[in-house]
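Colleague: Here it is, the structure, as structure tokens.
The values are calculated or read from the model by the stated rules, or taken from the named source; none is laboratory data. Here the structure is a predicted model, which means the values were calculated and not measured. Don't worry about glycine lacking a Cβ; one is built from the backbone with ideal geometry, like all the others, and counts go over all protein chains shown. Quick note on the areas: whole protein, heavy atoms, side chains included, nothing else; ligands and nucleic acids left out. Shrake-Rupley method; radii C 1.70, N 1.55, O 1.52, S 1.80 Å.
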Amino acid sequence: MSLLISGKIERSSGYNLKVDLELPNLGVTAIVGASGSGKTTLLRAIAGLDFTPGLSVSLDGTMWQGPSTCLPAHLRPVGMVQQHAELFPHLTVLRNLQFPRRRRGGYALDLQQAIERFSLSSLLHRKPASLSGGEQQRVALARALLVPAQLWLLDEPLSSLDAPARRELAPLLAKLCQELGQPVLYVTHALHEVLQLADYIVVLENGRVAAAGKPDEVGRQIDHPISDEIDVGGILACDFVSFDPEHNLSRLNIGTETLYVRGDLNNLGPRIRLQIPARAISISRSDTRESSMLNRLPVTISEVGEASAGSVLITLDCAGQTLFARITSLSAERLGLLRGHSVFAFIKSVALDARNY
């Protein structure tokens, strides 16, 4: 069984969102897209917060919304975190966390465990107005994941946190989502934020589904950046080898080849997922180590795309995994790149996130 969402959401402003999705009923599905692509609109429709007569929603065969059915929001078995924490301002943190028990007769997680994991012990007797934005969001996350539900909806839940806090909280959130044993929809405009969480990714673009699939499949479905912030590119599975504290670099292996990434990744587990945007890769016909770029991978050209607007997408095989490089059509012509050629991919930068496989 699965989560089925199909139909159209239309607004008087002329905006519309059209989807036809069958999403897994286990694990984390990330819904990614630029601002205005329809991410939050879709999530609110699933939760029943907005009236959407043209949309059908069902989970595991139970119809929540359709041509003759519309289950009210308060009766839908969901837990939700929106972009703003929306805590009860007159209640302490502890009373906010206790609310799911009163509303639905229990908790999805152990209350004390949630308090400890989200570092809330020192905040329990304070009210939301005295908390920072990041603290409020931690409370909102803990409260949502305490709710007994069949589906959790997280709308950019880490957006109010600074970068160090996001890096600390994201692995914890991934582990908790796995422990829940129920489907989670996670909305964000930052693909790198959810690579360590996602089992499945949906990319929205201008109110349409641009791609959907497992993380390593999504890049193959998109031959252009969704926006300035989202260039899917290739997503590679690597093995952690060691950390070099002198140079602040972690060594990763892809097959027998080596990649270096900034920071100590030892605490992220033995298996690392790397996102490498197509525009972050340059191609050379010859191997050279006289370059400031540490990362160079021997690859084989699987496909040379059609030239468009002066650029070409090159599909590369890297130890049985897929990379993409977007280069100028002039460079492709000068290098004489053809399918089957063995070349070298030089990686300018990588956007890193990880999860245990």
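Colleague: Relative contact order (percent) for the range 189-290, with alpha-carbon contacts under 8 angstrom and 6 or more residues of separation?
Modeller: 22 percent
Colleague: Now for a separate question. On full extension of the chain, what length is gained from T258 through L49, given 0.36 nm per residue of separation minus the C-alpha to C-alpha distance?
Modeller: Result for the pair: 70.4 nm of gain on full extension.
Colleague: Mean residue ellipticity at 222 nm from the helices of the chain, using -39,500 (n - 2.57) per DSSP H segment of n ≥ 4 over the full residue count, to the nearest 500 deg cm²/dmol?
Modeller: Helix-only estimate at 222 nm: -6500 deg cm²/dmol.
Colleague: Hey, what did the range 82-222 get for relative contact order, percent, Cα under 8 Å, at least 6 apart?
Modeller: For the range 82-222, the relative contact order is 22 percent.
Colleague: Do the alpha carbons of any pairs in K8/K175; K8/K214; K39/K214; K39/K175; K175/K214 sit beyond 29 Å of each other, and which pairs?
Modeller: Among K8/K175; K8/K214; K39/K214; K39/K175; K175/K214, the Cα-Cα distance tops 29 Å for K8/K175.
Colleague: Checking a compactness column here: for the chain, what do you get for Rg(Cα) / (2.2 N^0.38 Å), N being the number of residues?
Modeller: 1.08
Colleague: Please find the FRET efficiency linking F88 to L21, where r is the Cβ-Cβ separation and R0 is fixed at 30 Å, and quote it to the nearest 0.05.
Modeller: With R0 = 30 Å, the Cβ-Cβ based efficiency is 0.35.
Colleague: Please find the FRET efficiency linking E168 to K127, where r is the Cβ-Cβ separation and R0 is fixed at 22 Å, and quote it to the nearest 0.05.
Modeller: The value I calculate is 0.35.
Colleague: Within the chain, what whole-number % of the accessible surface is contributed by carbon and sulfur, with the 1.4 Å probe and all protein chains included in the calculation?
Modeller: Within the chain, the accessible surface is 48 percent carbon and sulfur.
Colleague: If I take every Cα pair under 8 Å that is 6 or more residues apart in the range 202-251, average their sequence separation and divide by the length, what percent do I get for the relative contact order?
Modeller: 21 percent
Colleague: Under a Cβ-Cβ cut-off of 13 Å, what is the net charge of the residues other than V19 that fall near it, where Lys and Arg count +1 and Asp and Glu count -1?
Modeller: Around V19, the surrounding residues sum to 0.
Colleague: What FRET efficiency comes out for S68 versus A307 if R0 is 51 angstrom and r is the Cβ-Cβ distance? Round to the nearest 0.05.
Modeller: According to the calculation, E is roughly 0.50.
Colleague: While we're looking at this one, here's another question. So, for the chain, what is the accessible surface per residue at a probe of 1.4 Å, expressed in square angstrom?
Modeller: Per-residue value: 47 Å².
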